[in-house]
Amino acid sequence: MTAVRSGGVVPDARHGHAGPRRTGARRGGAPRGRVQRGGAGRGGARAEVVLGLIYAGGLAVLALWWHGTSSVVGTAGWLTDAARITGLLAAYGCAVMLALMARVPALEGGVGTDRLARWHAAGGRYTVCLALAHVLLVIWGYALTSRTDVVHQTGTLVFHYPEMLKATLGTLLLFAVGIASMRAARRRLRYEVWHLIHLGTYLSIFLVFFHQVANGAQFVGQPLAEAFWYALFVGVSLVLAWYRFVLPVARNLRHRMRVADVRFETPGVVSVYVTGHRLDGLRAEPGQFFRWRFLMPGMWWAANPYSLSAPARDGMLRITVKAAGDHSRGLARLRPGTRVWAEGPYGALTEARRSQRRVLLLAGGVGITPLRTLFETMAGDITLIYLARTPKDLALRGELEAIAARADRRVLCFVDDPSEYSMPLTGEALRAVVPDVAERDVYLCGPPGMADAAHRALREAGVPARRVHHESFEF
Ligand SMILES: Cc1cc2nc3c(=O)[nH]c(=O)nc-3n(C[C@H](O)[C@H](O)[C@H](O)COP(=O)(O)OP(=O)(O)OC[C@H]3O[C@@H](n4cnc5c(N)ncnc54)[C@H](O)[C@@H]3O)c2cc1C
């Protein structure tokens with residue numbers, strides 16, 4: 001990889017503007033203008049606290065079962081009660097999965113969107129398994145109790161118990177979502193198709209809810225437990241509706257965003273500048289991202305996440321995007337004036353994570369975008385290592401160098417080709433270029449392979465895991 005120090009040997013000063021010419025925004029990413037701080041990332045919930053609350057909720061659900069169960073007798077009794085426990089936990093799991101994806105600012109800013117998505121994926125697997133166990137155990141337990149076979153018992157349960165037809169449809173839908181989310185299936189599906197199927201979970205949870213209160217031994221004749229269950233699901237639904245629907249609609253009506261300009265940075269990479277009304281009200285922090293929907297033919301139906309690649313200032317937002325597929329490629333076709341629908345800001349890769357005065361920003365490829373913004377706005381001793389394939393792929397390099405020169409901070413660029421300027425991602429190599437790396441906070445953003453190698457190298461270099469702040473571009 002090419003070791004291209006600031007003002008280094010690979011010529012590439014053609015690109016790198018922090019604002020569109022036509023709107024008169026400043027060039028070179030100068031830290032004049034007002035940088036917004038104090039947004040969603042501040043005071044976010046800590047991951048351990050959130051996990052603790054989730055487990056505590058699980059224990060409360062078990063207590064609900066314990067409270068409503070006087071005794072468990074015989075094999076049929078054990079099976080039926082195991083069915084009750086798995087059913088209660090599966091339903092609780094559904095409520096938690098919804099809450100994790102409700103885009104609550106304290107969760108998004110504190111835990112981080114990518115980690116929430118990982119919890120959601122792992123929790124979703126447990127929830128579907130618990131639901132499957134519940135179905136099998138309840139059929140088996142009831143069949144033993146009524147001394148009949150499981151096929152006959154299944155028919156009885158589905159067609160003769162209250163709310164069970166709806167519950168059966170909802171459960172089948174949940175299983176379909178689970179299958180579509182399995183790695184092998186997901187790889188074959190387009191993101192949008194998978195996402196659409198995934199939205200079926202809302203319907204599934206709604207359909208299944210009523211059989212719980214209609215048949216559940218813990219709820220029938222137990223008004224307090226029933227009220228608790230309603231409060232849980234109605235509460236989660238309200239939070240979801242507020243943050244995923246009401247707030248985004250209100251914000252977009254208020255800010256009325258439009259594309260101001262589109263500029264080509266490097267081959268396959270474009271920057272899109274977005275203006276709007278009172279954008280400072282969004283309180284977007286450096287390092288955060290939005291989900292962007294561009295209202296033009298062929299693009300309006302998809303909302304994709306892209307990080308801000310410059311601080312929000314002077315009524316302007318900027319994203320810088322590498323063509324990876326239909327949506328990202330389509331951005332090059334955007335025209336000034338195109339209406340934009342953006343949801344956010346989201347993400348926890350912000351200054352709020354920082355614990356040290358010295359910081360290393362470690363970017364791979366288009367992972368430079370959130371780090372470019374932090375590079376400009378963070379105070380203190382800041383070093384940026386930027387890895388790319390070739391010098392031509394070093395998007396935004398011109399403005400990084402301008403920031404480095406102006407603000408007395410270091411940018412070190414390395415490329416795979418030509419190879420005399422490469423840097424292997426090892427602890428030794430990191431220590432060679434940043435000798436005090438172990439004392440720094442590290443902000444990391446890059447493609448999965450690079451991020452894995454970087455995690456290993458940082459560990460070797462002695463950086464504690466708690467000081468590595470990583471955002472994945474993959475959900
Ligand atoms: C938090 C975050 C910040 C990002 N910031 C940037 C950035 O600043 N610049 C940049 O170039 N790229 C960024 N990305 C990556 C970018 O979102 C994807 O490359 C882009 O959405 C791909 O969409 P596509 O239709 O072009 O390609 P596709 O071929 O449709 O998708 C390629 C892959 O991108 C992912 N993807 C697609 N659509 C979505 C979606 N709506 N939500 C989540 N993942 C999706 C999927 O894993 C998919 O397999 C970011 C991703 C995340 C999660």
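The values are calculated or read from the model by the stated rules, or taken from the named source; none is laboratory data. Not measured: the values here are computed from a predicted model. Here the Cβ positions follow ideal geometry from the backbone for every residue, glycine too, while neighbour counts run over all protein chains shown. These area figures cover heavy atoms from the full protein model, side chains too; ligands, DNA and RNA do not enter into them. Shrake-Rupley method; radii C 1.70, N 1.55, O 1.52, S 1.80 Å.
For the subset of the stretch 304-316 comprising residues that are of a type in the set (Gly, Ala, Ser) and crowded, with 19+ Cβ neighbours inside 10 Å, which member is farthest from the ligand (Cβ to nearest atom)? For the stretch 304-316, the residue satisfying everything is ALA312.
Residues of the stretch 109-126 that are open to solvent by 40 Å² or more (accessible area, probe 1.4 Å) and touching a Phe, Trp or Tyr at 6+ places or on another chain (Cβ under 9 Å): ARG118, ALA121. Among the residues of the stretch 158-167, is any touching a residue at least 40 places away in the same chain (Cβ under 8 Å) and buried (at least 21 other Cβ atoms within 10 Å of the Cβ)? Yes, there is a match, as at least one residue in the stretch 158-167 is touching a residue at least 40 places away in the same chain (Cβ under 8 Å) and buried (at least 21 other Cβ atoms within 10 Å of the Cβ).
The sole residue among ARG147, ARG103 that is in contact with a strand residue (DSSP E or B) (Cβ under 8 Å, 6 or more places away or on another chain), in the same structural domain as VAL208 (by TED's automatic domain parsing) and not in a helix (DSSP H, G or I) is ARG103. Pairs are defined by a Cβ separation below 7 Å, a sequence spacing of at least 6 or placement on different chains, a first member in the stretch 45-73 that is more than 25 Å from HIS120 (Cβ to Cβ), and a second member that is surrounded by 13 or more Cβ atoms within 10 Å (Cβ to Cβ); the pairs so defined are GLY68/ALA217; GLY68/GLN218; GLY68/GLN222; GLY68/ALA225; THR69/ASP81; VAL72/TRP78; VAL72/ASP81. Taking the stretch 317-344 as the range and being open to solvent by 10 Å² or more (accessible area, probe 1.4 Å) and within 12 Å of the ligand (Cβ to nearest atom) as the test, the residues that pass are LYS322, ALA323, ALA324, GLY325, ASP326, HIS327, SER328, ARG329, ALA332, GLU343. Which of the residues spanning the stretch 345-356 are more than 8 Å from the ligand (Cβ to nearest atom) and more than 20 Å from ARG258 (Cβ to Cβ)? Across the stretch 345-356, the qualifying residues are ALA348, LEU349, THR350, GLU351, ALA352, ARG353, ARG354, SER355, GLN356. Listed conditions (1) part of a helix (DSSP H, G or I); (2) within 26 Å of VAL321 (Cβ to Cβ); (3) of a type in the set (Gly, Ala, Ser) are all met by ALA457, apart from (2). Take the residues of the stretch 268-303 that are among the small types (Gly, Ala, Ser) and touching a Phe, Trp or Tyr at 6+ places or on another chain (Cβ under 9 Å): which is most open to solvent (accessible area, probe 1.4 Å)? Going through the qualifying residues, I end up with ALA303. Residue-level check: of (1) of a type in the set (Asp, Glu); (2) over 30 Å from SER307 (Cβ atoms); (3) at pLDDT below 95, ASP114 misses just (2). The listed residues are VAL193, VAL177, VAL158, and the only one of them that is assigned to a helix (DSSP H, G or I), within 22 Å of the chain's Cα centre (by Cα) and more than 18 Å from CYS129 (Cβ to Cβ) turns out to be VAL193.
For PHE209, indicate whether it is closer than 30 Å to ILE85 by Cβ, modelled with pLDDT of 95 or more and not assigned by TED's automatic domain parsing to the domain that holds LEU396. It is true that PHE209 is closer than 30 Å to ILE85 by Cβ, modelled with pLDDT of 95 or more and not assigned by TED's automatic domain parsing to the domain that holds LEU396. Considering each residue of the stretch 394-419, count those that are surrounded by fewer than 21 Cβ atoms within 10 Å (Cβ to Cβ) and acidic (Asp, Glu), and give that number. Qualifying residue count, the stretch 394-419: 3.
Within the stretch 289-303, the residues that satisfy the criterion of being out of contact with any helix residue (DSSP H, G or I) (no Cβ under 6 Å at 6 or more places or on another chain) and either more than 9 Å from the ligand (Cβ to nearest atom) or of a type in the set (A, V, I, L, M, F, W, C) (or both) are PHE289, PHE290, TRP292, ARG293, PHE294, LEU295, MET296, PRO297, GLY298, TRP300, TRP301, ALA303. Within the stretch 220-236, no residue that is in the same structural domain as PHE210 (by TED's automatic domain parsing) and part of a helix (DSSP H, G or I) sits with its Cβ atom under 8 Å from a residue that is open to solvent by 60 Å² or more (accessible area, probe 1.4 Å) and among the polar types (S, T, N, Q) at 6+ positions apart or across chains.
Scanning the stretch 191-211 for residues that are under 27 Å from HIS327 (Cα atoms) and open to solvent by 60 Å² or more (accessible area, probe 1.4 Å) yields a total of 7.
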